[in-house]
Structure formats: C-alpha cells, structure tokens
Protein chains: 2
Amino acid sequence: MNLLGIDIGGTKTAVVLGNARGEIAASRRMPTASDSMEAYRKRLVELCHEVIDKAGVPAARLDAVGISAPGPMDCKKGILIAPPNNPGWRDVPILAMVQKAFAAPVFINNDANACALAEALFGEHRGTRNLVYLTFSTGMGGGIILNGELVQGSTDTGGEVGHMVLEPDGRLCGCGHRGCWEAYVGGRSVAETLKEKIRTGGIHTVMIEKAGGIDAINLQAFEAAAREGDRFALAEWDAFTDRVAQGIGVLIMALNPDVVILGTIGIHAGEFVMAPIRDKLPKYAWKWPLGACKVTTSSLGGKIGELSALAVAVTGLRHTGGEAR
Amino acid sequence: MNLLGIDIGGTKTAVVLGNARGEIAASRRMPTASDSMEAYRKRLVELCHEVIDKAGVPAARLDAVGISAPGPMDCKKGILIAPPNNPGWRDVPILAMVQKAFAAPVFINNDANACALAEALFGEHRGTRNLVYLTFSTGMGGGIILNGELVQGSTDTGGEVGHMVLEPDGRLCGCGHRGCWEAYVGGRSVAETLKEKIRTGGIHTVMIEKAGGIDAINLQAFEAAAREGDRFALAEWDAFTDRVAQGIGVLIMALNPDVVILGTIGIHAGEFVMAPIRDKLPKYAWKWPLGACKVTTSSLGGKIGELSALAVAVTGLRHTGGEAR
C-alpha cells in the first residue's frame, strides 16, 4: 500500500510517502508561503513527484493521497475556506488541485481531525474506540473519535472544541465570541492576556526576559518563567492549567472517552503541564469516567504532522471501501 | 419482530409490546415503588406476561427485550447502580432479573440514551446520523448519536452533558461539583434557586401563587408566571434560556450535530422556551454549524418512554448481529 501524505501548515508544507502502518519511506518539505496560489500548486506537485521518486514508487502505483490542512474547510468539496495562518488563501480548491496531478483518490481533513486519526491508527493508544486529541498552539483545536469513527459532524466542524463557551460573557476570543475555551488556553490569547496584565499591572516577571521583551511573550516564555518559580508566572500557570482541565472535564462528561491526548504543549511541557491538569480534573469530571480516562501526551512527537496526512489517506480509503493494509 | 419494552421511571414502570418500527400492540403500567426488590421483580414479570398475552404473542416468539432505566448503570452487566429517584435501589441486577423470565436476549440503557435512540429510530428526524437529545426534568440528561451510533462511552457515562462545568466555581450542583449545566437548567436546581432568590429578596411574583406556595415552586410554575409577564419570572426565564443555549452551543461546537432535540420542557413549553433559546444560540455557536443544526422539540411526545425501551431492544439486536425489521 503506497500512500502519499501532504501536511499543509502555516509555515511549512511536508510531503511524505508511507504505508498504512505509518511507516515512512521518504519525505520532503517546502515553505507554504508563495508568490501565488498557482506557484504553490506547481511547487507542491513537483515536491510530490520528488518524494515518490525518492521512495522508488511509480506514481501509477499510488493507492491514495491524504491531505491534512488548516480549517475551516469543506471536506467533501476539498476546499480550504479561510485558513487563519495562510493570509490570502480564500476558498482554495486544494483537493482538485492535487487530484489533477494523480490518478489515485485524494482525501482531505483538517489538521486536528487528522492528528486524532493519526493517534488512533499509529499512536500508543492505536485501536482505542473513544479518543480525543487536543492541540494548543496559536489557537486550539480538537479531533474526536467515538465508536472508532471520527466525529466529522454535519458541516465538517466536529471537534471545534476550542470554541465551546466555558464562561458566559467571558474573555473575548479571536472568533468574535466571548468565553471560548481558546480565549483561555490558546497560545495567542494566553500571550495577549499575559502582556496586558504585565503592562497594566506594572508586573516584574522573568517572563519578559525569557521572551526577550514583553511583545515577544509566548507560551514557551510563559512555561520557562513558571518553571523557574516566577510568582506571577506560577499563578497564571495555575489559572491556565485549571482552564485546560475544565475543557477536558467537559469532554469527559459529555463523551466518556478512553483517552484524551494533548499534542503541542503536552509534548513540549510534559509533566509540568500534565500534572496540574490531572490534579484539577476531579473538579470537572466525575470520578468514574475520569478514572476510566487516560489523560496523556502524544507519543507521535514531531512526526505527527506527516503521520496525520497518511492517516487521512488510510481513513479515506476505508470509507470508500478500499482496503488499507 | 416482537419486542418487549420496559420503561422504568421514578414513579411508574411501563411495559410495552411493539415492533422495530415503533408500532405498539399493547402496553400496561405499574407503580415503581414496591415493598421489596423481589416484590417489584415479581410484579414486573407478571406485567410483562400480561402485555404479551394482551398482544396475543406467545412468549416464545419474543425477539428481544429492551429496558430503559435511570442511570447511573453498568450497561454490560445490566446493573442499576444508584438511580437518584428510586431510593433504596442499589446495585440492582435488573437485566439478570428480567433475563431469568425470558429466553429472548435482554438489553438495557439509561433513559436519556434510550430516548436519543427512540428519536433516531422513530422520531421526526429518524435516520439522522448526528443527533443530540436533551431532557430537562428533575435533573438534566442527554443522549448523543454520532455517525449513526450512540455515544455510550468507555464506562456508560457518554451523554452526561448535565455535568459539563459551564461556569468554573459556579452554582453548586447536586452531584457535588460547582457550575454544572444541570445546576443552572435542571428542574430541581432551578426551583431551589428561584425559591432562595424569592425568600432572600422578599420578591413578589405570581410564581408563588401559580405553584400554590413558595415551597412548591417548580419549572411549571416558573413557566406559567413568565408567560403572564411577571417581571421577576421573565428576567429569570431569560437567564434560564441563556444557560440552556450555552450548553447547546457547547455541544454544537464540539459535535456539529444535524439536530438537537429537547424533550420534557421543550415539549411542555414549546416555542415559549424554544424561541429565546434559538435567539441566544448565535452567542454560543458559530453561524456555520448553527445554521446546519435544527434545534427543535421531540415529536414523540408522551410515547417517548415506551418507545425508548423498544429502541433499546432494536439497537441491542443490531449490535449483536440480529436483524431488526
């Protein structure tokens, strides 16, 4: 089984050739930024062929192509509606663009859903029937698998857990709503809130130094300052992990999953973020479903992007009746 | 296909004989309260045989038995752990009790899940792949169907949406947590909060009269007073419907369902509760998934209990490979 995976990120686009067990034969990367959509398309198709050649697989022997890309998107039509970190990309018919270059079927899903599929297919908890994957980067995304099936939803927004309102009339979110989970735990929102508190409160914190200036404060500087025991950073870390726990608790109560997997910050910060989250969870979820749910970090590390694209190909084939061995 | 349904409620237990299309041939009821568990079991089995006889179906021709009962429960073992409105019932092996009396397979699920199955099989939106059923009675329950499958969860608590914490450190819930959805929208909690506000604020409201005294205030008196334009009741109705909308919004963002169906209060209060909920939803869910989601009331009315038990039988047969025609 020869699968081509295309992982489109805000900065880089990765192309990978692998199989249905998540074994990678070849991969290459290119910047996502481009002079035009047409230039991007051309370079992407070139890169695909380079990877196929490198792996020694004739293009005609390709079984499927999977694309993992930022939402919002229309998965059936394969259109990227308005990826937040790709300015200028509006209603990009990415599926058709790729499909034109290959005879194999092309499938697409948003990055968080694709990562959930990768965890369910290739991760430490592969085969788990009820799995939630969460990613805390600039924004906050989620992918939900229940009864062994991805929760795609009616209009492809299943798993948009970052925009569950967890505090009515709460903090303003980038989406325009108030009190979204992302407004409390998404990287951009957290950084904005910290900067504002530091500025208006005239607060001294090593976070500024760690970041190299107030304007550059991000989740990494936040974590580094908290690890050093900075008082302001620690109090904020406590509030941050409490909000992470609240949202996970909401999902545990509604869905009773076997496992909740944290990508990004879960991988980077490890037990420093996971331990306080686990400590706070009993406030937000009943003992019974909580006891049955493993709250853990991704085992796929830096390979999750490439694997997520392969997972989209595997799942697409399965849904269309094709065998993915 | 001859299916026996047993719907165990806090007050009444209904037994029904019907088919996989939700057509009911015979039904009877008995009080749930009993001198002993053994007396209840005996009377229940008698009632089952009465219903089977009334329908003219030999017990040997029974294809399956479905039980809808209050949670929490262990569905696989068929044990009612501690139904809140059946004092004295602890670890009741209801499935074994019924199984002893019949050769046909017996299946069980909690009432809210069973109602979701009934909506998906027999309701106006039957066949819908992504459906959320919500019930606001004494407490607050939910049943979730995604990709055509019930979200049972890892330990049978899938759909316990009433205990999603929608306000950290918020109102105390009967479950011991703070800020659960149920603490804001469950009948008992709402009534307690109204009584306390009326007492401490010395508030004059027709709600007292409607209920026949402060102590008797309930959702019905609340609704009646709001319908009459009582100022206090209207302001509280606004807050109540806002909280209902928040929780529905959370589910729409996480799961992107095709339909959200409100039983109980949705049926009783109709547009008087549905219109403000729909008005408030845009604060809590994105336009796109919200536009694709019908937020409506149950079409099954008073028959939903009996149908829910049949739905459990139909679904149980399907999962064990039996055909339910």
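Per-residue 3J(HN,Hα) values for the range B:73-90, derived from phi via the Karplus relation 6.51 cos²θ - 1.76 cosθ + 1.60 with θ = phi - 60°, read 8, 9, 5, 5, 7, x, 10, 7, 6, 6, x, x, 9, 10, x, x, 7, 9 Hz in sequence order (x marks Gly and Pro). Across the range A:226-241, computed HN-Hα scalar couplings (Karplus, 6.51 cos²θ - 1.76 cosθ + 1.60, θ = phi - 60°) run 5, 4, 7, x, 4, 4, 4, 4, 5, 5, 5, 4, 5, 5, 5, 5 Hz from first to last residue, x flagging Gly and Pro. Each copy carries a label point for B:Gly88 at 7 Å from Cα toward Cβ; from one copy, the others' points are 7.6 nm away, ordered from shortest. Between B:Lys77 and A:Ala82, the modelled labels are 5.2 nm apart [label points 7 Å from Cα along Cα→Cβ]. Between the beta carbons of A:Ser299 and B:Ala55, assuming R0 = 60 Å, the FRET efficiency works out to 0.65 to the nearest 0.05.
Estimated from helices alone, the mean residue ellipticity of chain B at 222 nm is -12500 deg cm²/dmol (sum of -39500 (n - 2.57) over DSSP H runs with n ≥ 4, per residue).
Under 5 Å between amide hydrogens, built in the peptide plane, is the criterion, and for B:Thr297 it picks out B:Leu262 among residues at least 5 positions away or on other chains. Taking every Cα-Cα distance in the range B:215-325 and sorting them into 10 Å bins starting at zero, the pair-distance distribution P(r) comes out as 13, 34, 30, 17, 5, 1 percent. With its label point defined 7 Å out from Cα along the Cα-to-Cβ axis, A:Met30 lies at 7.4 nm from the matching points of the other copies, in increasing order. Cα centroids of the range A:102-116 and the range A:282-325: 14 Å apart. Packing-based ranking of A:285-292, A:156-163 yields A:156-163, A:285-292, ordered from highest to lowest mean Cβ neighbour count within 10 Å.
Close amide H pairs (under 5 Å, H built 1.01 Å from N) link B:Val106 with B:Val65, residues at least 5 positions away or on another chain.
The Cα trace of chain A gives Rg and Dmax of 20.1, 63 Å, the first to one decimal, the second as a whole number.
Inter-chain neighbour count for B:246-253: the average number of beta-carbon atoms from partner chains within 10 Å of each residue's beta-carbon is 6. Structure note, pairs A:Lys195/B:Lys283; A:Lys76/A:Lys100; B:Lys12/B:Lys197: Cα-Cα distances above 21 angstrom occur for A:Lys195/B:Lys283; B:Lys12/B:Lys197. Calculated translational diffusion coefficient of the range A:69-116 (25 °C, 0.890 mPa s; Stokes-Einstein with Kirkwood radius over alpha-carbon pairs) equals 223 µm²/s. Taking max minus min of the alpha-carbon positions on each principal axis, the protein assembly as shown gives extents of 75, 62, 40 Å, largest first.
Label point of B:Ala103 (7 Å along Cα→beta-carbon): distances to the other copies' equivalent points are 5.8 nm, sorted ascending. Among the listed pairs A:Lys280/B:Lys280; A:Lys294/B:Lys294; A:Lys77/B:Lys294, those with a Cα-Cα distance over 27 Å are A:Lys280/B:Lys280; A:Lys294/B:Lys294. Dipole check for the protein assembly as shown: with +1 at the C-beta of Lys and Arg, -1 at the C-beta of Asp and Glu, and the Cα centre as origin, the magnitude is about 660 Debye. Over the Cα atoms of the range A:64-159, each weighted equally, I'd like the Debye log10 I(q)/I(0) at q = 0.19 Å⁻¹, rounded to two decimals. Ignoring solvent entirely, the Cα scatterers give -0.93. Arranged from fewest to most other beta-carbon atoms within 10 Å of their beta carbon, A:Phe272, A:Phe122 become A:Phe272, A:Phe122. Taking every residue in B:284-290 and counting other chain Cβ atoms within 10 Å of its Cβ, the average works out to 6. The mean of 1/r over all pairs of different alpha-carbon atoms in the range A:124-299, once inverted, gives a Kirkwood hydrodynamic radius of 16.6 Å.
Inter-chain neighbour count for A:140-151: the average number of beta-carbon atoms from partner chains within 10 Å of each residue's beta-carbon is 4.
For B:Gly153, the residues whose modelled amide H falls within less than 5 Å of its own, excluding neighbours fewer than 5 places apart on the same chain, are B:Gly158. Modelled label positions at A:His268 and A:Lys283, each set 7 Å beyond Cα in the direction of Cβ, lie 2.4 nm from each other. Taking label points 7 Å from Cα along the Cα-to-Cβ direction, B:Leu172 and B:Ala96 give a separation of 3.7 nm.
Charge tally around A:Thr13: other residues with Cβ under 9 Å, Lys/Arg +1 each, Asp/Glu -1 each, net +2. When every alpha-carbon pair in the range B:3-109 is counted, what percent end up more than 20 Å apart? I get 32 percent for the Cα pairs in the range B:3-109 exceeding 20 Å. Of the two radii for the range A:253-293, the radius of gyration is 0.99 times the Kirkwood radius, both from the alpha carbons; that is the Rg over Rh value.
Rule-based calculations on the coordinates, nothing more; no lab input. From a predicted model like this one, the values you see are computed outputs, not experimental measurements. Using ideal geometry, Cβ is built from the backbone for each residue, glycine included, and neighbour counts are taken over all protein chains shown.
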